[in-house]
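Q: Got a structure for you, written out below as structure tokens; questions coming shortly.
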Amino acid sequence: MKFKPRTVGDIIKHYSTPHADRACPTSFYSWEETQVMMKDITTHNNFHNLPNNKFISAIKPAYKLIDNAEHLKIALKPFQQAKIIGIDCETALGTDPYRAKVRLVQLAIPDRPVTIVDIGAIAPADLNPLRALLAGNALKIGHNLKFELMMLTIAQLPPSLPFFDTYLAYRVLVAGLKRNFSLESAVDRLLGIKLDKTLQTSDWSGTLTPNQLQYAATDAAILLPLRETLKQKLKVSKLWETAKLEFACLPAVASMELNGMLLDREQWKVLGDKLCQTRNLLLTQINSQLHLPNPHQQISLLPEFTETINPRSPKQVLAALQSAGIPVNSTNTQTLIPFAGKYPVIQALLDYRSVSTRISTFVEGLPHHIHPVTGKIHPNWFQIGARSGRFSCREPNLTNIPRDGETRQCFITAPGCVLLKADYSQIELRIMAKISGDRAMVAAYAKGEDLHKLTASLVLDKPLSKIASDERQLGKIVNFGLIYGMGVNKFKHMAQSEHGVILTREKASLFRKKFFNSYSGIKQFHAAVRQQWQKGIRESRTASGRRRLWSKESKPLLNEMLNHPIQGLSADITKLALAKLVVALKRTGAKLICVVHDEILLECPIAEIEQVKTLLHSCMVSAGDKFLSPIPCEVEIKVLATWGG
DNA sequence: CTCTTGAGCGCC
DNA sequence: AAACGGCGCTCAAGAG
């Protein structure tokens, strides 16, 4: 399954226009237009001039409680014609989808009382009308629909596309700014209505009070005007496409969170024991060589002198290093590495810190998150977790699991399944090629050349064919470092600390110069962004239209503005792939279980490997092609028994 | 006692 | 004058 390359001529031709004639890389809009877009969201709306009665009914909407099968059928009749339905759930026993129970499902359409279905009072088989409604084609509005999707899926009432999530919409609208994204706060800021949320965490398992029902009805009803306002604002800000992408991605995220990942407990313990042994060894080694300076010289020969230091305390480490005559003023890895060769204890210290984080964060931390019901790890996935538009993942964070085989081999699949691991190849470099239109990069990709090798050959003045593997490694460092505007010093340090390549300041500076002279498109891209940055512009757009804002109080860093178009577009590509994938996988037994930025993990029944592999590949490549074309998009898929191979 | 902050380190 | 970007977790240390 290899990507079919276009002809080199086609691709070069696409970029035959001078860079200066191309769209501004960070924003398609003038700063004046941008400020108009921003004004709307950075200040509170003034509602005093609006006819308030428009919202009065939304504050205490009429509602109808449905608690038997007969009434349900009749009550849902008007909803069958509805194109847009506000949906909200109240749950008993918490918010964990595998332990909580859906108590109420509230449905809101214009000009009708909110219909509240008491799930607890109706037999599952009698819920069919509701099931059909949720599975229908109406647009479902909700605030943080991931929760409703998970809860209702477990309750055998899975809602289907299309969705409008007011929470995601609000996040897209103000991406980059600090905001409270609760329904209460969004409704306050966008509609000027104060919601009373005191009943949110009340007991929804027993007999419900009229106040509780009114609260439940209000949450659903308010979604309709909230969506109107958000949609209008998204359109004004040209963010409608981005929001639609997020909505389409929603079912993928909800199912990924429900599916979870399997950890091999026994193997995990073996790994942990091994790491603990290493740690203890390192600790004795460190303590035999480093001691806390004793403030009382006269008793320095007493037992206190041999008191052990805590290598995880920067304060103690600094004091001990200085008293041992090692000239450092900080204990971070960057400053310590140059001394690692001369003082073995420094290397031991560095190793200790690494092993010890791995023990506390991963070995000890992860098992706490194994779910008692499913036996799997179900992290919280936030589809707009990062300011760039990337996902984030919490409790636990599965996107920063150590990448060594021993660790990742502990992540296994269900019996009868394999793990499909799909990676975008060099996605950020390809995005740089696409948005800068740099001729050398474009041509190299068109010819299927190795970009790291190319960079090495350009900065070392050597022919491509003579680039050895360690020189290619250097090219890789240069590529990833300099694309985002890394300074000479940092570049030098990184080459040493991450790859053991020791560069003089002069060499580092020379490589940097050569890099930008060779890739003049990147140089121009940087110059264009720098110009915007100097003008005081506080927004950035990806090629797909996703926006990141910076508040008036904090000027953006130049490098943040250089990075966002790349990292943000990468996130958009992954999200588009996920949106396509969740539809494609419906009729298969494969499950989405993890996403690490440009890597997608599926658990796939052995019998369906080839079919699912094809689907996965085509979803990812077509998503990539949409934004990268004519730069080729390559996806590598591995069939594995475990995440570690 | 809890909460916050910063250092340090894991990942892409 | 800015000097890779984006995250989350744990521990130490200080604040209240």
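The values are calculated or read from the model by the stated rules, or taken from the named source; none is laboratory data. Keep in mind that what you see is a predicted model, and the values were worked out from it rather than measured. Positions of Cβ are backbone-derived with ideal geometry, glycine not excepted, and every protein chain shown enters the neighbour counts.
Q: Pull up the stretch A:338-357, narrow it to residues that are surrounded by fewer than 17 Cβ atoms within 10 Å (Cβ to Cβ) and assigned to a helix (DSSP H, G or I), then point me to the one that is nearest to the chain's Cα centre (by Cα). Don't jump to the end; show me each part of the working.
A: First pass over the stretch A:338-357, keeping only residues surrounded by fewer than 17 Cβ atoms within 10 Å (Cβ to Cβ): A:338, A:341-342, A:344, A:354, A:357.
So of that shortlist, the ones also assigned to a helix (DSSP H, G or I) come out as A:338, A:344, A:354, A:357.
Details: A:P338: 34, A:P344: 39, A:S354: 25, A:T357: 22 Å.
Restricting to residues being surrounded by fewer than 17 Cβ atoms within 10 Å (Cβ to Cβ) and assigned to a helix (DSSP H, G or I), the top hit is A:T357.
Listed here are the residues, each with its yes/no results for (1) modelled with pLDDT of 90 or more; (2) over 20 Å from A:K178 (Cα atoms).
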site	(1), (2)
A:I502	no, yes
A:S518	yes, yes
A:Q524	yes, yes
A:W533	yes, yes
A:E553	no, no
A:H564	yes, no
A:S570	yes, yes
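Q: Take A:L250 and decide whether it is buried (at least 21 other Cβ atoms within 10 Å of the Cβ), touching a strand residue (DSSP E or B) at 6+ places or on another chain (Cβ under 6 Å) and not in a helix (DSSP H, G or I).
A: In short, no.
Q: Identify all residues within the stretch A:78-111 that are more than 15 Å from A:L133 (Cβ to Cβ) and either among the basic types (K, R) or assigned to a loop (DSSP other than H, G, I, E, B) (or both); write none if there are none.
A: The answer is A:L93, A:G94, A:T95, A:D96, A:P97, A:Y98, A:R99, A:A100, A:K101, A:R103, A:P110, A:D111.
Q: Would you check if A:A433 is in a helix (DSSP H, G or I), more than 16 Å from DNA strand C (Cβ to nearest atom), of a type in the set (A, V, I, L, M, F, W, C) and over 30 Å from A:A320 (Cα atoms)?
A: yes
Q: Also, quick follow-up: Quick check on the stretch A:466-480. Is at least one of its residues in contact (Cβ under 8 Å) with a residue 60 or more places away in the chain, under 22 Å from A:E560 (Cβ atoms) and not hydroxyl-bearing (S, T, Y)? It would help to see each step written out before you state the result.
A: Looking only at the stretch A:466-480, we keep the residues that are in contact (Cβ under 8 Å) with a residue 60 or more places away in the chain, and these are none.
Looking for residues that are in contact (Cβ under 8 Å) with a residue 60 or more places away in the chain, under 22 Å from A:E560 (Cβ atoms) and not hydroxyl-bearing (S, T, Y), one finds none in the stretch A:466-480, hence no.
Q: Within the stretch A:481-490, can you find the residues that are assigned to a helix (DSSP H, G or I) and either within 15 Å of DNA strand B (Cβ to nearest atom) or within 16 Å of A:N563 (Cα to Cα) (or both)?
A: Selection gives A:G481, A:L482, A:K490.
Q: Between A:Q267, A:Q285, which is under 25 Å from A:F339 (Cα atoms), more than 16 Å from DNA strand C (Cβ to nearest atom) and modelled with pLDDT of 85 or more?
A: It is A:Q285.
Q: Among the residues of the stretch A:407-424, write down those that are within 11 Å of DNA strand B (Cβ to nearest atom) and either more than 20 Å from the chain's Cα centre (by Cα) or not in a strand (DSSP E or B) (or both).
A: A:T407, A:R408
Q: Another one. Residue pairs, Cβ under 6 Å, 6 or more apart or interchain, first in the stretch A:618-634 and of a type in the set (V, I, T), second crowded, with 21+ Cβ neighbours inside 10 Å. List them.
A: Close Cβ pairs (under 6 Å, with a partner that is crowded, with 21+ Cβ neighbours inside 10 Å) amount to A:V621/A:C633; A:V621/A:V635; A:I631/A:R430; A:I631/A:A433; A:I631/A:K434; A:I631/A:Y445.
Q: Name the residues in the stretch A:378-406 that are more than 7 Å from DNA strand C (Cβ to nearest atom) and either touching a Gly at 6+ places or on another chain (Cβ under 6 Å) or assigned to a loop (DSSP other than H, G, I, E, B) (or both), would you?
A: Scanning the stretch A:378-406 gives A:H378, A:P379, A:Q383, A:I384, A:G389, A:F391, A:I401, A:P402, A:R403, A:D404, A:G405.
Q: Here's something else I'd like to know. Starting from residues that are at pLDDT below 85 and either among the small types (G, A, S) or within 17 Å of A:R279 (Cα to Cα) (or both), keep the ones in the stretch A:326-375 and report whichever is nearest to DNA strand B (Cβ to nearest atom).
A: Taking the candidates together, the pick is A:S330.
Q: For the stretch A:380-395, indicate whether the set of residues that are farther than 30 Å from A:S618 by Cβ and without any contact (Cβ under 8 Å) to a residue 60 or more places away in the chain is non-empty.
A: Within the stretch A:380-395, one or more residues are farther than 30 Å from A:S618 by Cβ and without any contact (Cβ under 8 Å) to a residue 60 or more places away in the chain.
Q: Out of the residues in the stretch A:539-555 that are in contact (Cβ under 8 Å) with a residue 40 or more places away in the chain and in contact with a Phe, Trp or Tyr (Cβ under 9 Å, 6 or more places away or on another chain), state the one that is farthest from A:G437 (Cα to Cα).
A: The residue in question is A:E539.
Q: For the stretch A:466-503, what are the residues that are within 7 Å of DNA strand C (Cβ to nearest atom), under 17 Å from A:E428 (Cβ atoms) and among the small types (G, A, S)?
A: A:G481, A:G485
Q: Yes or no: A:S388 in contact with a strand residue (DSSP E or B) (Cβ under 9 Å, 6 or more places away or on another chain), closer than 30 Å to A:A495 by Cβ and hydroxyl-bearing (S, T, Y)?
A: Against the criterion (in contact with a strand residue (DSSP E or B) (Cβ under 9 Å, 6 or more places away or on another chain), closer than 30 Å to A:A495 by Cβ and hydroxyl-bearing (S, T, Y)), A:S388 qualifies.
Q: Please determine, by comparing only the residues of the stretch A:491-514 that are among the polar types (S, T, N, Q) and assigned to a helix (DSSP H, G or I), which one is nearest to A:L557 (Cα to Cα).
A: From the stretch A:491-514, those among the polar types (S, T, N, Q) are A:496-497, A:504, A:509; that's our starting set.
Adding the requirement that they be assigned to a helix (DSSP H, G or I) leaves A:496-497, A:509.
Working: A:Q496: 25, A:S497: 24, A:S509: 22 Å.
Step by step, filter the stretch A:491-514, then rank; the result is A:S509.
Q: Next question. Give the number of residues within the stretch A:406-443 that are in contact with a Ser or Thr (Cβ under 9 Å, 6 or more places away or on another chain) and over 30 Å from A:L628 (Cβ atoms).
A: Of the residues in that region, 4 qualify.
Q: When residues of the stretch A:139-192 are filtered for being in a loop (DSSP other than H, G, I, E, B), closer than 26 Å to A:N259 by Cβ and small (G, A, S), how many remain? Quick ask: steps written out before the conclusion?
A: Of all residues in the stretch A:139-192, those in a loop (DSSP other than H, G, I, E, B) come to A:143-144, A:155-162, A:174-182, A:192.
Narrowing the set further to residues that are closer than 26 Å to A:N259 by Cβ leaves A:143-144, A:155-162, A:181.
Add one more test, that the residue is small (G, A, S), and what stays is A:155, A:160.
Looking only at that region, the number is 2.
Q: Based on this model, can you work out whether A:A590 counts as crowded, with 21+ Cβ neighbours inside 10 Å, closer than 23 Å to A:P159 by Cβ and touching a helix residue (DSSP H, G or I) at 6+ places or on another chain (Cβ under 7 Å)?
A: yes
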